[in-house]
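Everything on this sheet refers to the single structure shown next.
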Amino acid sequence: MNSLDFVGHDALGLAAGALTTIAFVPQVVRIVKTRSAHDISWGMFSLFSLGIALWLWYGIRLAALPLIASNAITLVLALAILCLKWRYGRDTRTPGGTVRETKEQA
């Protein structure tokens, strides 16, 4: 395999990583704008963040720039979503399904 093949593979990896990373930006913006993270799953984003951290570690061990760059940024965005969930997603729901605000949001 020549060096041009590696450049092509890195370009493909960087493009894929950029698209999947950018996909989280609208969710972060929406949570900040609406100040609501009720529909975000603690379990899903916690496991996802752990998986991304492992992908980042794997990328570092391989010295693979596409894996390192995309997973580092994705991990920051996923952890930001978890922090926003902690900040804006702690309201309690009444038996009728309405949301009761916490003291921090009142």
Handout entry: One residue from ARG30, ARG35, ARG61 being touching a Phe, Trp or Tyr at 6+ places or on another chain (Cβ under 6 Å) and not aliphatic (A, V, I, L, M)
Key = ARG35
Practice task
Mind listing whichever residues of the range 58-68 are buried (at least 18 other Cβ atoms within 10 Å of the Cβ) and in contact (Cβ under 8 Å) with a residue 24 or more places away in the chain?
Solution key: PRO66, LEU67
Practice task
Tell me which residues, restricted to the range 29-43, are of a type in the set (Ser, Thr, Tyr) and in a loop (DSSP other than H, G, I, E, B).
Solution key: SER36, SER41
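Out of curiosity, is SER46 among the polar types (S, T, N, Q) and either assigned to a loop (DSSP other than H, G, I, E, B) or in contact with a His (Cβ under 6 Å, 6 or more places away or on another chain) (or both)?
Spelling it out, it is not the case that SER46 is among the polar types (S, T, N, Q) and either assigned to a loop (DSSP other than H, G, I, E, B) or in contact with a His (Cβ under 6 Å, 6 or more places away or on another chain) (or both).
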Fill in the blank from the handout: Subset of the range 15-25, residues closer than 11 Å to ILE81 by Cα and surrounded by fewer than 13 Cβ atoms within 10 Å (Cβ to Cβ), comes to VAL25
Handout entry: Test: ILE52 is part of a helix (DSSP H, G or I), in contact with a Phe, Trp or Tyr (Cβ under 7 Å, 6 or more places away or on another chain), touching a residue at least 12 places away in the same chain (Cβ under 8 Å) and β-branched (Val, Ile, Thr)
Key = no
Problem - Qualifying residue in the range 58-66 (condition: of a type in the set (Phe, Trp, Tyr), at pLDDT below 95 and assigned to a helix (DSSP H, G or I)) - result: no
Exercise for the section: Scan the range 29-57 for residues that are of a type in the set (Ser, Thr, Tyr) and either surrounded by fewer than 11 Cβ atoms within 10 Å (Cβ to Cβ) or farther than 16 Å from ALA69 by Cα (or both) and jot them down. Expected result: THR34, SER36, SER41, SER46
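The values are calculated or read from the model by the stated rules, or taken from the named source; none is laboratory data. None of the values given here were measured: they were computed from a predicted structure. Backbone-built Cβ (ideal geometry, glycine too); neighbour counts: all protein chains shown.
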